[in-house]
Amino acid sequence: MKNLVVFAYIGAVIFPLTGIYFIMNSMPYSSILFVLGAICYGTFLIKAILKVSNSKNERANKMLWILGLIFMGSVVGLIYILTGRKRFVQTA
C-alpha cells in the first residue's frame, strides 16, 4: 500500500489513454477504461491529499499542495510523484 499513490496516478493516466485508443479504433469496452481511470484518479487525489494534510509541514505549504492537487491535479500530481512527495515527507 506504500506505492498506492504512484500506481493510482499511473492508472489515471494509462486507462483513459487506452480508452481513447479503443474509441478511435472502434473497439469495445472503452467506457470501462474511462471509469477505471476516474476511479484511479479519485484514489490518487484522496490518498495524496490525506498524505499532505497529515504531514507536519507549515499550514500554508499544505494548502498550496492541496489546492494544486484539486485544481491542477494532473500537472501537480506528476510533480508530487516525481519530486515533491519525497521532500515533503522528509520534512514531516
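Quick note: the coordinates plus some simple rules give every number you see, no bench work behind them. Source: prediction; values computed, not measured. Counting neighbours? That spans all protein chains shown, and the Cβs are built from the backbone with ideal geometry, glycine included.
Candidates are the residues of the range 20-70 that are within 12 Å of the chain's Cα centre (by Cα) and hydroxyl-bearing (Ser, Thr, Tyr); the one that is farthest from Leu4 (Cα to Cα) is Tyr41. Just a yes or no: is a residue in the range 9-16 exposed (fewer than 13 other Cβ atoms within 10 Å of the Cβ) and of a type in the set (A, V, I, L, M)? No, the range 9-16 has no match at all.
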